[in-house]
Amino acid sequence: MKLLSADTGWVATDNKLFWTTDGGRNWKDITPKIKADREIASAFFLDPSHGWVLFAHQGKENPATGIAETFFELAVTTDVGETWIVKQLEVPDPDPSRGLSEETWLDFVDAAHGWVVIRVNGNTAMNGGVLQATDDGGATWKSLGVPGAGPIRFITPTDGWLDDAEENAETAPGLFVTRNGGKDWMEVTVKTPPEFGAKIYPTYRLPEFSDKDSGSLLVTFAEPNDESPKLALFL
């Protein structure tokens with residue numbers, strides 16, 4: 001769920017989407033009209049008018065791989081869910097032997113520019129994903145390269161962040177930044193505070209920005225199997 005203001009926001013279940021304008025005292029069902037076997041994989045509202053919902057469902061199992069193909073449909077509204085336009089989202093599968101999962105993340109910076117990350121099936125040692133981008137509000141999409149899969153956040157149409165945090169932070173720091181809309185990605189690292197010790201590894205989270213230049217990054221530092229991690233805030 002997410003509140004866009006003190007009173008207005010949304011909440012999604014596996015198959016329902018609800019809207020509130022009074023801080024959660026009352027909720028309106030604004031779920032797009034779609035087949036019952038579709039489940040909500042992710043949802044995003046830019047403002048009280050523009051919203052996107054990504055639905056996923058499993059097809060038949062591929063006899064050659066034993067993996068069921070995953071299909072996606074995107075619903076778009078510009079009137080707070082009064083009407084929706086639903087269309088199939090064509091997503092290339094980079095590894096049919098593993099297939100695409102239903103774990104996805106949506107993000108938009110304005111009514112035109114948006115991105116969706118879809119995780120490929122597999123364990124954390126084989127983490128990977130697919131990145132799709134749109135510059136027309138979701139009418140058309142193009143595939144871009146991506147270093148992993150996880151929550152994504154753009155602060156401008158060009159500048160964005162990807163949190164690919166892994167269980168093994170020693171070998172997978174997990175935070176990446178793009179300066180060209182997702183065409184290229186660079187790994188982000190910070191120095192461990194000296195007082196934390198040498199054999200301690202970072203786990204990153206998506207940074208928070210108050211504007212396009214000012215932000216903060218919360219990083220957890222811990223040794224493997226450490227039950228008492230340390231936190232550091234970078235500005």
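FYI, it's all coordinate maths here, none of it is from the lab. What you see is a predicted model, and the numbers here were worked out from it, not measured in a lab. Glycine gets a Cβ as well: all are built from the backbone with ideal geometry, and neighbour counts include every protein chain shown.
If r is the Cβ-Cβ distance from Asn26 to Met186 and R0 is 30 Å, what FRET efficiency results, to the nearest 0.05? Given R0 = 30 Å and the Cβ-Cβ separation, E is 0.10. One equal scatterer on each Cα of segment 1-156, no solvent, Debye formula: the resulting log10 I(q)/I(0) at q = 0.14, 0.16 Å⁻¹ is -0.70, -0.89. Taking 0.36 nm per residue of separation and subtracting the Cα-Cα distance, full extension of the segment from Glu223 to Lys2 would add 76.3 nm. Under a 5 Å amide H cut-off, with hydrogens placed 1.01 Å from N, Asn15 pairs with Ile40 among residues at least 5 apart or on other chains. Normalising by residue count, segment 29-82 has a Cα convex hull of 71 Å³ per residue.
If I build a Gaussian network model for the chain, linking alpha-carbon pairs within less than 10 angstrom, which residue out of Ala64, Ala149, Ala56 has the largest mean-square fluctuation? So, out of Ala64, Ala149, Ala56, the one fluctuating most is Ala64. For the chain, averaging the sequence separation of C-alpha pairs within contact (under 8 Å, six or more residues apart) and dividing by the residue count gives a relative contact order of 9 percent. When the listed pairs Lys191/Lys230; Lys16/Lys212; Lys2/Lys28; Lys87/Lys212; Lys2/Lys142; Lys2/Lys87 are checked against a 22 Å cut-off, the alpha-carbon distance exceeds it for Lys16/Lys212; Lys87/Lys212; Lys2/Lys142; Lys2/Lys87. For segment 26-39, the Karplus equation 6.51 cos²θ - 1.76 cosθ + 1.60, evaluated at θ = phi - 60°, returns couplings of 9, 10, 10, 6, 10, 4, x, 6, 8, 4, 5, 7, 7, 10 Hz by residue, with Gly and Pro reported as x.
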